[in-house]
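Engineer: One structure follows; several queries about it will come next.
The values are calculated or read from the model by the stated rules, or taken from the named source; none is laboratory data. None of the values given here were measured: they were computed from a predicted structure. As a convention, Cβ positions derive from the backbone with ideal geometry for all residues, glycine included, and neighbour counts pool all protein chains shown. Side chains are part of the model used for accessible areas, which takes the heavy atoms of the whole protein and leaves out ligands, DNA and RNA. Shrake-Rupley method; radii C 1.70, N 1.55, O 1.52, S 1.80 Å.
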Amino acid sequence: MDARARGRERLAEAAADLISRPDVSVGRMFGSEGYSVRGKLFAFVERGGDLVVKLPEPRIAELELDPMVMRGRPMREWAVVPFARDDEWSAIAGDAFAFVDELTP
């Protein structure tokens with residue numbers, strides 16, 4: 001199994017309670033399967049198998065996460081949670097859901 005597939009499997013387990021919500025859907029984004037609330041992405045697994053989430057910048061700093069970088073540029077409010085920290089994925093995915101849920105009418 002490749003790294004992305006392992007990450008997707010881990011995210012499905014970590015976000016099982018979120019996936020069951022009626023306003024959460026699974027779809028393709030950034031070349032990967034991701035989770036969105038009312039059409040706004042909050043979590044997905046990148047090619048290397050790490051989790052990428054949308055969080056407020058102070059929370060990213062508090063969790064000591066690196067920003068997601070796209071085309072050489074750090075993306076504001078997007079952070080990478082390493083696969084090695086998979087024991088935190090459930091809580092962090094929940095934080096990401098709550099953040100995007102607040103932003104999305």
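Engineer: Here are the criteria: (1) within 22 Å of residue 101 (Cβ to Cβ); (2) open to solvent by 30 Å² or more (accessible area, probe 1.4 Å); (3) in contact with a Ser or Thr (Cβ under 9 Å, 6 or more places away or on another chain). Tell me which single one residue 45 does not satisfy.
Structural biologist: (2)
Engineer: Can you tell me which residue is nearest to residue 2 (Cα to Cα) among those in the stretch 79-104 that are of a type in the set (Phe, Trp, Tyr) and buried (at least 21 other Cβ atoms within 10 Å of the Cβ)?
Structural biologist: The residue in question is 89.
Engineer: Right, here's the next one. If you take the residues in the stretch 26-37 that are open to solvent by 30 Å² or more (accessible area, probe 1.4 Å) and either modelled with pLDDT of 95 or more or of a type in the set (A, V, I, L, M, F, W, C) (or both), which one is nearest to residue 98 (Cα to Cα)?
Structural biologist: Within the stretch 26-37, the match that is nearest to residue 98 (Cα to Cα) is 26.
Engineer: Of everything in the stretch 48-78 that's in contact (Cβ under 8 Å) with a residue 24 or more places away in the chain and of a type in the set (Gly, Ala, Ser), which residue is surrounded by the fewest Cβ atoms within 10 Å (Cβ to Cβ)?
Structural biologist: Applying the filter and picking the extreme gives 48.
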